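Below is one structure; the comments refer to it alone.
The values are calculated or read from the model by the stated rules, or taken from the named source; none is laboratory data. If you're wondering where the values come from, they're calculated on a predicted model, not measured in any experiment. FYI the Cβ positions are ideal-geometry reconstructions off the backbone, even for glycines, and counts take in every protein chain you see.
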């Protein structure tokens, strides 16, 4: 649920940064030395959680653990999530820099609210079972409806559930799960409120992701319909994540409440979170297929072939490419098939390409000057009549032209290996540690200055 660069309009990006900056400043206000250490630990956990991915048909998803930040950090979850997303964008290709503020809001606001729900529920001594059932029902009803709509529009099924039918099916599934948990295995209030907080955090992040792509100002070249469809599919794919994250957070907060109960009262850092963060780090080399996208464009017989790959050399099965001219105007767009897309221009220009393979993963790049020179020579040698013939020919953008390009570039250029991705992750952890050390020293200096003032006053 990361939004890439080049999708939102500049006004939306600026507004996102302004709002995010206010929340980060509010979170840092009054942070103590102990808060800095705990924030660093949870920032590392959030940063690493995005690297452990679980495959689904045609895509993959990962846990967020943002709700754990909201539960254990309160308002400090805003700077924590901002720093983690910044490092993910710089080191791992998740999301983008221009959309960092908006992505931070999508993740952190639901995380903070889920923390409030968790603490309010426990403080008032409410069992949480009614809230658990409502959360489960809402997720399953909306998931059933959107799943059937997506499958119907993809041509995989010949029906789609209406809202009343989705309410019946989703409510029935929620009721069965509720009865199993309520009367099968004993679960206390920490489990129940932990599940609700974890599930609602991902749920509302998916809702915000959908609302941003549906109503926020988009860049001039971005097609609203395609991104709305992307947001709907993203929610469908995250329905299992919502349920799994709820279970994981419920188990984590129960464990943390047992070994370090002060953590859930927002007082002291927990050593248990260090173990959790490095456990994710150990799992990463075996499960990571990093999201970073690589792309390039080369000229072959007067046409431009765009080639796309991901880390490890994997080829995306689908995606889209938007071609912009020197003034930012849209020149062409098309769908990526088997990692390639072919474009035959009418003239040689300094083209810029925006590649989007879904779920916030993409790349923006320009045509290399050497390739632009080759394109200019190829078009000049063809002449106007031959250019028009080639442009209108059915082979202009077919698979045969892609195969000719593939003869020159037989396989996608390899992206960073798992070892390189691990190195980037370690670099991210180092940056997190340095930032937290700086905050701790700043707070320590502040405390020393206050102590000196008190001593001078007493003297």
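Numbers below:
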quantity	calculated
Number of positions in the stretch 9-32 that are part of a loop (DSSP other than H, G, I, E, B) and under 19 Å from the mean Cα position of the chain (by Cα)	1
Criterion violated by residue 150 - all others in (1) surrounded by 14 or more Cβ atoms within 10 Å (Cβ to Cβ); (2) at pLDDT 80 or above; (3) within 26 Å of residue 333 (Cβ to Cβ) satisfied	(2)
Boolean, residue 152 is within 29 Å of the chain's Cα centre (by Cα) and in contact (Cβ under 8 Å) with a residue 40 or more places away in the chain	no
Subset tally (residues that are more than 30 Å from residue 215 (Cα to Cα) and crowded, with 19+ Cβ neighbours inside 10 Å) for the stretch 1-36	3
Selection count, the stretch 436-446, where residues are more than 14 Å from residue 40 (Cα to Cα) and out of contact with any helix residue (DSSP H, G or I) (no Cβ under 7 Å at 6 or more places or on another chain)	3
Qualifying positions in the stretch 334-349 - part of a strand (DSSP E or B) and over 22 Å from residue 373 (Cα atoms)	334, 335, 337
Residue among 115, 198 that alone is crowded, with 19+ Cβ neighbours inside 10 Å and farther than 22 Å from residue 61 by Cβ	115
Residue satisfying condition, being surrounded by fewer than 19 Cβ atoms within 10 Å (Cβ to Cβ), in contact (Cβ under 8 Å) with a residue 40 or more places away in the chain and out of contact with any strand residue (DSSP E or B) (no Cβ under 9 Å at 6 or more places or on another chain), within set 189, 214	189
